[in-house]
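Asks: Pasting a structure here, questions to come.
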Amino acid sequence: MNIAFNDGSKNEDITKMMLFAAHNVLVDPPGVILLQRVRSFIELNMYVSLEVHTSEMLAAGKHELTIFDEHMKNFVGTCKGTEYEEKTWNFPKFHSHWHVFDDIKNKGATRNFGNKISESMHGPIWQIYHRLTNFKNVTAQLIKHDHRHAVGLYICERLDLLDASDDLDL
């Protein structure tokens, strides 16, 4: 697995594999509850990631959200009296699940308002950074190479227009 550049899907893939890899290891009650929580999270993520949502799928996703919440409460309960008792699970990404199905209903599929689409747009900058800089004063180098790339594209477009106009004259 190439982990030099992370577009976010790597962590999702690892989470899916972890469930199968850990089911024979986490056999004590907290481990089982953790695995149930991870499985519920994966299913919840599946409902959120759909590109086409029906009212039945939204209802199933909301139902899975309640199951996930129950697993979360069970997990927090099993952490009492351990070093993890003071851990808070109230953070934005965790809380955003409570609103996601309403957002999907109002705005459409999450691909319309997520950030995964634009991750591929960083590819050229990443390539410039790794291939054409000396890793010092990077911003100036990135701007210079990005400008050169834009100028090259502009020149190519102008030449294509010139070629097209020559073809029309014949």
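FYI, it's all coordinate maths here, none of it is from the lab. Just so it is clear, the model here is predicted, and its values are computed rather than measured. Note: ideal-geometry Cβ built from the backbone for every residue, glycine included; neighbour counts use all protein chains shown.
Asks: Take K73, K107 and order them by how many other Cβ atoms sit within 10 Å, fewest up front.
Replies: With the sparsest Cβ surroundings first, the list reads K107, K73.
Asks: Among residues other than I128 whose Cβ falls under 11 Å from its Cβ, what is the net charge (Lys/Arg +1, Asp/Glu -1)?
Replies: +2
Asks: OK, next. Going 7 Å from the Cα of E43 along its beta-carbon direction, which residues of the range 56-81 have the amide nitrogen within less than 12 Å of the resulting point?
Replies: 60-71
Asks: Right, another one. If neighbour count is taken as other Cβ atoms inside 10 Å, put L34, L161, L168 in order from fewest to most.
Replies: L168, L161, L34
Asks: Can you compute 3J(HN,Hα) from phi for each residue in the range 149-155, using the Karplus curve 6.51 cos²θ - 1.76 cosθ + 1.60 with θ = phi - 60°, rounded to whole Hz and x for Gly and Pro?
Replies: 5, 5, 5, x, 5, 4, 4
Asks: With a cut-off of at most 14 other beta carbons within 10 Å, and DSSP calling the residue loop, which GluC sites (Glu not before Pro) in the range 32-62 qualify? Please list them. Write down the numbers at each step before the final one.
Replies: Numbers: sites: E43, E51, E56; in loops: E51.
In loop regions of the range 32-62 (DSSP not H, G, I, E or B), the sparsely surrounded GluC sites (Glu not before Pro) are E51.
Asks: Would you mind putting 127-133, 23-29 in packing order, based on average other-beta-carbon counts within 10 Å, highest first?
Replies: The packing order, highest mean first, is 127-133, 23-29.
Asks: Next question. Assuming R0 = 30 Å, what is the FRET efficiency of L159 and K136, from their Cβ-Cβ distance, to the nearest 0.05? Show your work: numbers first, answer last.
Replies: Working: r = 35 Å, r/R0 = 1.17.
Efficiency, rounded to the nearest 0.05: 0.30.
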